[in-house]
1. Starting from the amide H of Tyr39, placed 1.01 Å from N in the peptide plane, find each other amide H under 5 Å away whose residue is 5 or more places distant or on another chain.
2. Where does the charge balance sit around Arg142 when Lys and Arg score +1, Asp and Glu -1, over other residues with C-beta under 12 Å from its C-beta?
3. Would you kindly find the accessible area of Lys169, with a 1.4 Å probe and non-protein molecules such as ligands, DNA and RNA excluded, rounding to the nearest 10 Å²?
4. Could you order Arg142, Arg102 by accessible surface area, starting with the largest, using a probe radius of 1.4 Å?
5. Got a sec? What order do Asp163, Asp27, Asp109 fall in by accessible area at 1.4 Å, biggest, i.e. largest, first?
6. Would you mind computing, in nm to one decimal, how far apart the modelled labels at Asp178 and Glu104 are, each placed 7 Å from Cα along Cα→Cβ?
7. For Val49, Val155, what's the largest-to-smallest order of accessible area, 1.4 Å probe?
8. Can you pull the accessible area of Lys127 for me, 1.4 Å probe, Å² to the nearest 10?
Amino acid sequence: MRVATVVALLCALALSSGCRQEDPKIDRTPLPTVAAAPYICGYIPLRAVELITGVRDPLVRGNFDLTTAGGLGDGRCAAYQRDGERLRVLHIVLIPSGTQERVEKQIKDGARPMSEIVPGSVGYYFKDRGSRRNAAYAMLVRGEAELIIELETGVEGRDNAADVVALMKLIAPKLITDASAPGATMSPSP
């Protein structure tokens, strides 16, 4: 009789844990596959930022200028929580000093390689395992153009690493200019 009771309790526990619902407060909506307005900093789809950070109507600072550095572009965009301490949740950087070697080193150190989002590009991504804020990072390099996404506060329960890759797919084709293409010749900056 005791064995039957224990078995019945174990079965009930197994069934109840298998039937648990996912947390309804977590928005697991996939990021859009096509960039669409409204944008922050001129190039970053607001909807994607809201999904991966969990911050609605973030405070935004920054801009990009794609005409500088011989057409490679340069700029930064940061999104912050509006309430409390104005915590930065997302930082995106475009700089004209990328190297394929830096990407290869990160992959060698454990980052995951990213697919070729822009022809001739190499990149990596990873989730910061030690982060209490679900941080994830991605970098894409083509020629000397380097695009970095730092998701400093991701949504708990989402695949934060997949989110930074999906965001890179949305923004890299617009921010990585033709001047960075293999074989392109750079003109001097004005």
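1. Distant-sequence amide H within range of Tyr39: Leu46.
2. With Lys, Arg at +1 and Asp, Glu at -1, the neighbours total -4.
3. Roll a 1.4 Å probe over it and Lys169 shows about 110 Å².
4. Working: Arg142 15, Arg102 95 Å².
Of Arg142, Arg102, the descending order of accessible area is Arg102, Arg142.
5. Correct descending sequence by accessible area is Asp109, Asp27, Asp163.
6. 2.9 nm
7. Val155, Val49
8. Lys127 exposes around 60 Å² with every protein chain in place.
The values are calculated or read from the model by the stated rules, or taken from the named source; none is laboratory data. Nothing here was measured: the structure is a model prediction, and the numbers come from that model. Quick reminder, even Gly has a Cβ in these numbers, built from the backbone with ideal geometry, and neighbours come from all protein chains shown. Each accessible area value is taken on the protein alone, full model and side chains, heavy atoms only, with ligands, DNA and RNA left out. Shrake-Rupley method; radii C 1.70, N 1.55, O 1.52, S 1.80 Å.
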